[in-house]
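Novice: Let me give you the structure first, and then I'll get to my questions.
The values are calculated or read from the model by the stated rules, or taken from the named source; none is laboratory data. Because the structure is a prediction, the values reported are computed rather than measured. Please note: Cβ atoms are built from the backbone with ideal geometry, for glycine as well, and neighbour counts cover all protein chains shown. Surface accessibility is based on the protein's heavy atoms, side chains included, excluding ligands, DNA and RNA. Shrake-Rupley method; radii C 1.70, N 1.55, O 1.52, S 1.80 Å.
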Amino acid sequence: MNWNLTPAEAIQLQKELKEKIDIRPFPGPIQKIAGADISYNKNDDTIYAGIIVLDYETMEPICRSTIIDKMRFPYIPGLLSFREIPSLYAAWEALEEKPDILAMDGHGINHFRRLGVATHFGLISGQACIGIAKNHLTGTYEEPGPKRGSFSNIIDQGEKIGYVLRSRDQVKPVWVSPGHRVSMEQSLEIALHCSRGLRIPEPTRQAHLMVNELRRGEIEAGVKSF
DNA sequence: GCGACAG
DNA sequence: ATCTTGTCGC
């Protein structure tokens, strides 16, 4: 696909892709889940991207794919996918064992045009995805209770677009939404299932640690099985 | 026009 | 996202 777009063209593409979003329930059991994230240095257009696949029950790593690439699009709120997906998709294609669900660092349909990075990736890959973000982007919600597991709905234009989830007692919540091919309720269940004592759910947390090791030269780019 | 705005 | 050590609090 063509990633050489202007911001205006990217917005137009999002409006077209919006019609193809599918948030019907993901069928079948979930045995493997993956986390995707990117990292980079300030004042440098090198991007370090990676995806790590974990066992859904134990959260132990199964395999990974990392790549060192070049940024081709600036960071613009609402257009994050155009900056991150080209590199992440290359890592995805090289990944030996695909997961049932892919969790991405960022939002899914919790987005002004319903096209967060997790939704966009799901649409171009056909992969079931959810978005797990560390900050608010759009919509309104009530502050969830202080205990792990409490959550509240995020509403935008009268539409429910995701949840604010307390993934651990007494810490800042995380923002969860379906990306593609996963239902609203499933996105919440999955995010909570993957929250194992720390604020950030394991898939994106491990992906974050991995791409930072890649950026610091502590691991090599490429594929690996554990 | 003003404010908000993932990573 | 990244720049960065110690420190306060559960």
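Novice: Restrict the search to the stretch A:62-145; then list the chymotrypsin sites (Phe, Trp or Tyr not before Pro) that DSSP places in a loop and that have at most 14 other Cβ atoms within 10 Å of their Cβ. Could the numbers behind the result be given before it?
Specialist: Details: sites: A:Tyr75, A:Phe82, A:Tyr89, A:Trp92, A:Phe112, A:Phe121, A:Tyr141; in loops: A:Tyr75, A:Phe112, A:Tyr141.
Those satisfying the criteria are A:Tyr75.
Novice: Oh, and also: Just read off the accessible area of A:Thr66 with the full protein assembly in place, 1.4 Å probe, to the nearest 10 Å².
Specialist: Accessible surface of A:Thr66 is approximately 10 Å².
Novice: What's the center-to-center distance, using Cα atoms, between the stretch A:52-70 and the stretch A:134-212 in Å?
Specialist: 20 Å
Novice: Membrane-span-like helices in chain A: DSSP H runs reaching 18 Å or more (Cα, own axis), mean Kyte hydropathy at least -1.0? Write down the numbers at each step before the final one.
Specialist: Numbers: long enough: A:80-94 (22 Å, 0.23); A:202-215 (20 Å, -0.93).
Flagged H segments are A:80-94, A:202-215.
Novice: I'd like the Kirkwood hydrodynamic radius of chain A, using the inverse of the mean 1/r over distinct C-alpha pairs, in Å. Walk me through the numbers on the way to the answer.
Specialist: Working: mean 1/r = 0.0577 Å⁻¹.
Computed over chain A, the radius equals 17.3 Å.
Novice: Once a ≥ b ≥ c are taken as the square roots of the eigenvalues of the Cα gyration tensor of the stretch A:1-113, is the result rounded (a/c under 1.5), prolate (a/b larger than b/c) or oblate (a/b not larger than b/c)?
Specialist: Values: a/c = 2.25, a/b = 1.26, b/c = 1.79.
It is oblate, given that a/c is not under 1.5 and a/b is not larger than b/c.
Novice: So how strong a dipole does chain A carry about its Cα centre when Lys and Arg Cβ are +1 and Asp and Glu Cβ are -1, to the nearest 20 debye?
Specialist: 420 debye
Novice: Now for a separate question. Please report, as a whole percent, how much of the solvent-accessible surface of the stretch A:29-225 comes from carbon and sulfur atoms (probe radius 1.4 Å).
Specialist: Numbers: 3750 of 7950 Å².
After summing per-atom areas, the C and S share lands at 47 percent.
Novice: Would you mind finding the longest exposed-site-free stretch of chain A, with exposed trypsin sites (Lys or Arg not before Pro) meaning DSSP loop and at most 10 other Cβ atoms within 10 Å?
Specialist: Values: sites that count: A:Lys42, A:Lys147.
Looking at chain A, A:43-146 is the longest stretch - no exposed trypsin sites (Lys or Arg not before Pro) with at most 10 other Cβ atoms within 10 Å.
Novice: Considering Cα pairs under 8 angstrom that are at least six residues apart, work out the relative contact order of the stretch A:29-225 and quote it in whole percent.
Specialist: On the way: 505 pairs, mean separation 45.9, N = 197.
It rounds to 23 percent for the stretch A:29-225.
Novice: Chain A: longest stretch without exposed GluC sites (Glu not before Pro) (DSSP loop, at most 13 other Cβ within 10 Å), sites themselves excluded? Show your work: numbers first, answer last.
Specialist: On the way: sites that count: A:Glu57, A:Glu96, A:Glu97, A:Glu142, A:Glu218, A:Glu220.
That would be A:143-217.
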